[in-house]
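To start, the structure under review is shown below, and the notes come after it.
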Amino acid sequence: MPTVDELVATTEEPLVVRDLGAVRVVILNRPTKKNAMSVAIRSGLDSVLSEADADPTVRAIVLTGAGGSFSAGFDLKELADPTLRDAVPSNPGGSARAVKKPLIAAVSGPCMTGGLELALSCAFIIADDTALFADTHAKVGIFPRWGMSALLPRAVGIRRAKQMTVTGVFVNAATALNWGLVNEVTTPDALFDRVMELAEMVVAGSAASQSAQLELLVAQDGEPVAAALAAEDVAAAQWVAAGRGGPTV
């Protein structure tokens, strides 16, 4: 299995797409800037994720960063320049949440602010033990619009979300695992292999069932049990009516 850095070794493009079998790997590739999201990255993510979701040969998507970083968030130099800041009215978090296929975040190093919103918008997060998570919107005097206020408290609870929001504190991988922010923590050397192992498990399953169940889980999030069970009944009836695959059980 190649490493992430080997996958980007032949290019300086800020957003790199590589297919490994039925798994599409999307790599943020500005390692000297800790993969801060430039106009080029933001403008590319919308189309790259949409194309991956629409491609029938792609069964799972992995989102990661080169050079031992996930993303330090919005490029602050561009943020200070209104001609660049407003050049792309994109929402990478929204683009990630619109993906119906399993989208896995592989997080190493800093995962901050817009980068954290992007990771939280994935189906789940696998991190290595160098990962650091932070919401620094308040530190730098900006306001979130890529999903932080909705997604962070659902991941870690309202009190921990408030703490991260108002202090900008860095949360290490062990704490992130304990808080439920990430699913697993591994070593840097093992991270990409582990994520690809999980992606291959996705490939081995039913695409129709995976997509339908992910959509249902998102719709049920935060709902009372009775409402969630009712939503499952409706989704099961729709599954049968559409003839999408096997029976409901």
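Here are a few things to note about the model shown:
- Residues Thr11, Thr130, ranked from the fewest to the most other C-beta atoms within 10 Å, line up as Thr11, Thr130.
- In terms of distances greater than 27 angstrom between alpha carbons, the cross-link table entries Lys33/Lys101; Lys77/Lys139; Lys101/Lys162; Lys34/Lys162 yield Lys33/Lys101; Lys101/Lys162.
- Spin-label model, Lys100/Ser50: points 7 Å from Cα along the beta carbon direction are separated by 1.6 nm.
- Fewest-first ranking of Trp179, Trp239, Trp146, using other Cβ atoms within 10 Å as the exposure measure: Trp179, Trp239, Trp146
- A Förster radius of 22 Å, combined with the Cβ-Cβ distance separating Glu197 from Asp129, puts the computed FRET efficiency at roughly 0.80.
- The chain: calculated mean residue ellipticity at 222 nm from DSSP helix runs of at least 4, using -39500 (n - 2.57): -13500 deg cm²/dmol
- The GluC sites (Glu not before Pro) of segment 1-66 that DSSP puts in a loop, and whose beta carbon has at most 16 other beta carbons within 10 Å, are Glu12.
- Relative exposure of Ser149, Ser71, judged by other C-beta atoms within 10 Å (fewest first): Ser149, Ser71
- Charge context of Arg18, other residues only, Cβ under 13 angstrom, K/R +1, D/E -1: -3
- Around the Cα centre of the chain, unit charges on the Cβ atoms of Lys, Arg, Asp and Glu (plus for the first two, minus for the last two) sum to a dipole of about 640 debye.
- Nearest 10 degrees, 0 to 90: helix 39-54 Cα axis against the chain principal axis: 20 degrees
- Length released on extending from Ser211 to Ala9, taking residue separation times 0.36 nm less the Cα-Cα span: 69.4 nm
- The calculated FRET efficiency for Lys139 paired with Val240, based on their beta-carbon distance and R0 = 45 Å, is about 0.35.
- Estimated FRET transfer efficiency (Asp233, Leu20; beta-carbon r; R0 41 Å; 0.05): 0.60
- Helix 188-203 vs. the chain, principal-axis angle (Cα, 0 to 90°, nearest 10): 30 degrees
- Centre separation in Å (Cα based) which lies between segment 45-82 and segment 108-148: 13 Å
We did not get these values from a lab; they are worked out from the coordinates using the rules stated. Remember, predicted model here, so these are calculated numbers, not experimental data. Note that we place each Cβ from the backbone using ideal geometry, even for glycine, and neighbour counts take in every protein chain shown.
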